[in-house]
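The values are calculated or read from the model by the stated rules, or taken from the named source; none is laboratory data. For clarity, every value in this text was computed on a predicted model and none was experimentally measured. All Cβ positions, glycine included, derive from the backbone under ideal geometry; neighbour counts span all protein chains shown. Accessible surface is based on the protein model in full, side chains and every heavy atom, while ligands, DNA and RNA are left aside. Shrake-Rupley method; radii C 1.70, N 1.55, O 1.52, S 1.80 Å.
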Amino acid sequence: MSSAIPGPVPLPQSRYDLNTYWGRVKHCAGISDPSMLLNTAADVENAKRLIWDYKNGVINEMTPELWRAKRILDSTIHPDTGETVVLPFRMSSCVLSNLVVTAGMLTPGLGNVGTVFWQIANQSLNVAINTANANKSHPLSTKQLITNYFLAVGASCGVALGLNSVVPRLKNINPNTKLILSRLVPFAAVVSAGIVNVFLMRGEEIRKGIAVYSKDGENLGNSKIAALNAVGETAASRVINATPIMVIPPLILVSLQKRLLKGKSLGVQTVANIGLIFATSLVALPFALAVFPQRRTISVNRLEDNFKNLKNKDGSEILEVEFNRGI
């Protein structure tokens with residue numbers, strides 16, 4: 001992320017107003033744009049140089065070229081480490097990375113083996129994305145990572161298999177409602193496991209706190225309250241992000257199978273399913289991501305006492321601090 005580039009001149013967070021939901025939607029659409037994956041290592045290095053020039057006074061105003069450079073870094077670089085995020089786990093790869101596993105989970109008529117396989121695949125991808133993009137104040141050990149991974153997998157498989165066995169036994173429900181409920185089982189599994197996943201993978205942040213910064217970019221120390229806010233909002237965002245992608249396509253597919261796709265081959269239905277998921281992801285993802293800003297501001301009055309009565313470099317009292325929420 002561009003915030004990782006050093007320099008005394010503050011860089012605008014976005015060309016859009018991030019204090020408004022619509023501004024965040026447009027910003028998130030930019031950094032989650034799959035076309036950002038086409039940027040080469042040379043493009044990233046050039047973007048770093050441009051942003052460095054601005055933050056160190058060589059360039060005095062934001063230009064279209066600078067805004068594009070910032071967009072490249074925001075979709076490629078981790079804000080805490082300044083390192084390039086591995087390609088499949090970047091925000092700009094989110095739609096494509098999730099397409100295959102989402103299509104697998106939403107395939108109608110999966111048996112227990114298929115359900116377990118796709119839940120494991122989904123949680124493996126979630127763990128990788130969480131690890132690559134989480135706040136890096138307290139990285140997990142390998143042992144913690146493996147333990148949390150198996151707990152998240154267990155949660156998702158347990159919910160999916162449990163609901164798969166319960167839904168067919170429901171009485172006093174018409175067949176159409178039962179069909180819809182069965183198609184929503186993957187959504188329930190993904191949401192419940194996603195929440196468990198976030199709190200497990202980032203539990204160390206809650207126990208030890210995450211770094212908070214002044215408006216000048218000075219590290220003021222670690223805050224457990226900021227960490228709880230960051231992890232809690234990320235867990236909520238998992239539900240919001242999953243809802244349109246895991247709910248809209250299967251409901252539309254149920255309707256299409258009764259009309260346009262009736263009697264069509266499995267291949268045609270699979271293509272339709274993937275197309276619905278891809279289109280919904282492209283449209284819905286920016287709206288879901290924009291609910292909570294990644295770079296959060298919080299009043300020092302809501303934090304621990306040691307963050308009160310601190311001063312900025314210009315001598316003014318620090319009233320608000322920033323932290324990276326992670327994703």
Could you tell me which numbered condition GLU322 fails, if it satisfies all but one of (1) within 15 Å of the chain's Cα centre (by Cα); (2) more than 30 Å from THR177 (Cα to Cα)? (1)
What are the residue pairs meeting all of these: first residue in the range 209-222, first residue more than 20 Å from VAL9 (Cβ to Cβ), second residue surrounded by fewer than 16 Cβ atoms within 10 Å (Cβ to Cβ) and modelled with pLDDT of 90 or more, Cβ atoms under 6 Å, and 6 or more apart or on different chains? GLY209/LYS224
In the range 114-140, anything modelled with pLDDT under 80, farther than 19 Å from LEU151 by Cβ and either touching a helix residue (DSSP H, G or I) at 6+ places or on another chain (Cβ under 7 Å) or open to solvent by less than 40 Å² (accessible area, probe 1.4 Å) (or both) is listed as ALA132, ASN133, ASN135, SER137
Say whether the condition of being at pLDDT below 90, open to solvent by less than 20 Å² (accessible area, probe 1.4 Å), of a type in the set (S, T, N, Q) and part of a helix (DSSP H, G or I) is met by at least one residue in the range 230-238. yes
THR280: passes all of (1) under 26 Å from LYS178 (Cβ atoms); (2) in a loop (DSSP other than H, G, I, E, B) but (2)
Any chance GLY194 is touching a residue at least 12 places away in the same chain (Cβ under 8 Å), within 25 Å of SER141 (Cα to Cα) and touching a strand residue (DSSP E or B) at 6+ places or on another chain (Cβ under 9 Å): no
Between ASP305, ASP314, which is open to solvent by 50 Å² or more (accessible area, probe 1.4 Å) and either among the aliphatic types (A, V, I, L, M) or modelled with pLDDT under 85 (or both)? ASP314
Of the conditions (1) open to solvent by 30 Å² or more (accessible area, probe 1.4 Å); (2) closer than 30 Å to ALA226 by Cβ; (3) at pLDDT below 85; (4) of a type outside the set (A, V, I, L, M, F, W, C), the single one that GLY111 does not satisfy is (2)
Checked the range 35-85 for anything under 20 Å from ARG325 (Cβ atoms) and exposed (fewer than 13 other Cβ atoms within 10 Å of the Cβ); matches are THR81, GLU83
